[in-house]
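Derivation of every value follows stated rules applied to the coordinates shown; laboratory data play no part. This structure is a prediction, so every number in the text was calculated from the model and none was measured. Virtual Cβ from ideal backbone geometry, glycine too; neighbours counted across all protein chains shown.
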Amino acid sequence: MKRRLASKKTVVCVGPGGVGKTTTAAALGVIAARSGLRTLVCTIDPAPRLADALGVANLGAKPSPIAAATAAALGIASPDRLHAMRVDPSAAFAQLVNEQVADPELRRHIFGNPLYRSVTTNLTGSQEYAATLALYEIRRDGAYDLIVLDTPPTANALEFLETPERLATAIASPAVQWFARPDPREKRFSLKRLGVGGAMVIRRAGRLMGSQFLDDLGAFLLDIREVLGGFLARAREIEAVLKQPDVGFVLVLTPAAAAVSEALYFARRLRETGSPLCCFIANRTLPEPGNHTAASLRASLLSLPSLCDLPKEELDLATTCLARMAEFLAKIARAQKQELERLSREAPGIEITTVPLLPHDVSSIDSLRAIADRLGSG
């Protein structure tokens with residue numbers, strides 16, 4: 001993993017929610033910082049897990065170095081080698097609008113429009129696009145040797161990859177371009193520009209949502225035309241960035257059948273788009289527990305000084321329960337092994353690094369260091 005990180009300027013951790021992307025991103029940042037790279041780990045996840053993992057209080061939209069004590073505990077020579085930040089979607093969109101709109105009054109109109117705020121915060125894909133905007137700006141700034149991006153917790157890992165393309169397609173669509181086209185005879189949005197059907201839809205929406213909706217919609221459609229070109233150009237630039245050889249996608253998964261199938265589909269899509277897949281990281285893997293028979297378990301329990309005087313009935317019950325649990329865990333371990341073998345077979349040449357299931361949640365510096373050690377040597 002050290003070698004792979006050394007050849008990249010950006011690593012994007014992708015995968016469905018709940019598979020350990022945030023922890024993986026933090027651990028990769030630790031590995032890079034140990035190697036002497038000035039590293040930034042950034043997340044768009046509103047949950048404070050990255051801040052907790054790195055011991056950074058009040059993680060904000062500006063990069064901040066980890067504490068000196070945290071750096072020492074993680075085996076990093078200097079706290080300045082590892083920074084962390086949380087992507088603020090509102091700030092990411094606002095920066096792009098500020099770049100595209102020179103008129104401060106028009107910027108004020110756009111930022112104050114409720115539809116703009118809704119589109120940039122609640123619309124499907126807005127978080128993913130904000131993450132790509134932030135990534136683009138940080139790369140352009142050039143202050144870091146390596147950027148590790150923890151993507152939003154999505155149901156489908158492809159959402160992050162497809163968001164810039166979807167946005168570009170939507171902006172370039174004839175419908176959006178027609179709505180945004182200015183009418184030289186009108187200084188504001190007018191229903192006269194719509195056909196009979198369109199006008200009817202808008203009027204009914206206005207009756208349902210109130211006249212203020214029409215005013216907000218009109219202002220938004222006229223004002224946003226100033227920035228659509230910039231949004232389209234930036235989306236195309238981000239598409240190109242994600243295909244650069246110094247960008248690596250790390251697909252984080254758990255070794256379950258559905259997750260492996262999704263990982264294989266994602267790998268194929270990356271190949272189709274020309275984006276580089278760096279490796280797979282399979283979290284929460286179980287070792288094969290071995291052949292634990294009831295007799296061997298009973299002998300192990302009797303060898304413990306605190307249990308040697310356990311009544312026979314209780315000893316038999318404990319032995320039976322442990323034997324059943326060992327059999328159950330062995331089945332899970334064998335199923336995980338089969339899925340990882342399938343992943344290796346159907347995605348040849350792509351490294352798979354496994355991280356064992358820890359006996360506790362990754363919420364401490366010690367557990368983060370353990371995962372970084374595992375990934376660094378895997």
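Can you figure out the FRET efficiency of Thr273 with Ala94, using R₀ = 25 Å and their beta-carbon distance, to the nearest 0.05?
Values: r = 29 Å, r/R0 = 1.15.
The formula returns an efficiency of 0.30 here.
Roughly how many debye, to the nearest 20, is the charge dipole of region 1-116 about its Cα centre, given +1 on each Lys and Arg Cβ, -1 on each Asp and Glu Cβ, and no other charges? Intermediate results must be reported in sequence, preceding the final value.
Values: 14 positive and 7 negative charges, 137 e Å.
The dipole magnitude comes to about 660 debye.
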Checked against the positive end of the charge dipole of region 1-119 (+1 on Cβ of Lys and Arg, -1 on Cβ of Asp and Glu, about the Cα centre), the farthest of Ser64, Thr43, Ile31 is Ile31
Students often check this: by mean Cβ neighbours within 10 Å, which of 331-341, 28-38 ranks highest, and how do the rest follow?
28-38, 331-341
Packing rank of 11-24, 234-247, 310-323, where each peptide gets the mean count of other beta carbons within 10 Å, highest leading
11-24, 234-247, 310-323
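For region 225-279, what class follows from the C-alpha gyration tensor (a ≥ b ≥ c being the square roots of its eigenvalues): rounded when a/c is under 1.5, otherwise prolate if a/b is larger than b/c, else oblate?
Prolate is the answer for region 225-279, as a/c is 1.5 or above and a/b outweighs b/c.
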What are the residues whose amide H is under 5 Å from the amide H of Val148, where those residues sit 5 or more places off or on another chain and H is modelled from the backbone?
Val11, Leu40, Val41, Cys42
Prolate/oblate/rounded label for region 294-336 (Cα gyration tensor, a/c 1.5):
prolate
Can you run phi through the Karplus equation (6.51, -1.76, 1.60; θ = phi - 60°) for region 250-255 and list ³J(HN,Hα) in whole Hz, with x for Gly and Pro?
10, 8, 9, 8, 10, x
How big is the Cα convex hull of region 270-356 in projection, averaged over all directions, in nm²?
7.4 nm²
Sort region 1-83 into rounded, prolate or oblate with this rule: let a ≥ b ≥ c be the square roots of the eigenvalues of the Cα gyration tensor; rounded if a/c is under 1.5, and if a/c is not under 1.5, prolate when a/b is larger than b/c, oblate otherwise.
oblate
Say the dipole of region 294-336 comes from +1 at the beta carbon of Lys and Arg and -1 at that of Asp and Glu; which of Thr319, Leu302, Ala335 then lies farthest toward its positive end?
Ala335
Please give the peptides 88-94, 59-65 ranked by average Cβ packing (other Cβ atoms within 10 Å per residue), highest first, as a rough proxy for protection.
88-94, 59-65
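How large, in Å, is region 231-378 by the Kirkwood hydrodynamic radius built from its alpha-carbon pairs?
18.8 Å
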